[in-house]
Structure formats: C-alpha cells, structure tokens
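Please read the structure below before turning to the comments.
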Amino acid sequence: MTKQEFLTELQRTLNGRMGSRQAAPHISYYQEYIETEMRKGQREEEVITSLGNPRLLGKSIGDAFERSVQKATPKERAEEYGLQALKYGKVLGRRCGQMGMEAIRRAKVWFDRLNEK
C-alpha cells in the first residue's frame, strides 16, 4: 500500500465517522508522520506497514471522537452546531442577497419597458 492509498482510506473512514472538518487534522498528522519517518530513512512501505490497517486506525480515532462528543455538555455541542449554522447562514444570506438584487434588476428592466409604451 502506498502513502496516498493509506491516507485516502484513512480519510474515507474518518469522514464517515466524524466529517471532513474534524478528520483533516488527523490526516495531516499521519501525512507528516509518514514523511518524517521516510526522511529518517525508512521506506514508505515499512512506515505504512507499521501503522497497520487504515480502516482500523480510522475506526479507533472515530470511536475516541464519538466518546469525546458524548462527554461534551449540551452547551458545548450547541455552540459547535451553532458555529456551523452561522457559517452556512452567511453563505445562504449572501446567495439570497445576490438573487434579490438580480430580481430587482429584472423588475426594473420590465418596468422600464412598460413606461416606454
């Protein structure tokens, strides 16, 4: 298994367990770890073999993540979800604003045509 195959499989497993935002630091850690060990002289295959099955590793990390989420207080969970909602709300607000401006522009063109007659 190559480094890229290992990281891809680990990322798939983690994304399914915790989402890409929470998975990203773990992927970065293992990518850096593999590269560091290779700079020390280990072959890529040796480093990957020493890490084991990426699905099992991802499952273990995902289990730990789920336990930490379960231990989080309702306020902490609400804050996390609130931040996500705020992010999506800003994107949605910008898009609605763009659509509203386009509707106003089209209405103005329509009214201008009516006034010409």
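Taking 0.36 nm per residue of sequence separation and removing the Cα-Cα distance, the LEU51/TYR33 pair yields an extension gain of 5.5 nm. Within the shell defined by Cβ-Cβ distances under 11 Å, the residues around MET1 carry a net charge of -3, with Lys and Arg each +1 and Asp and Glu each -1.
The calculated FRET efficiency for GLU9 paired with ARG95, based on their beta-carbon distance and R0 = 35 Å, is about 0.50.
Values quoted throughout were computed directly from the atomic coordinates according to the rules given, and no laboratory measurement underlies them. Since the structure is predicted, the reported quantities are computational estimates derived from the model, not experimental observations. Neighbour counts are summed over all protein chains in view; Cβ atoms, including those assigned to glycine, are modelled from backbone coordinates with ideal geometry.
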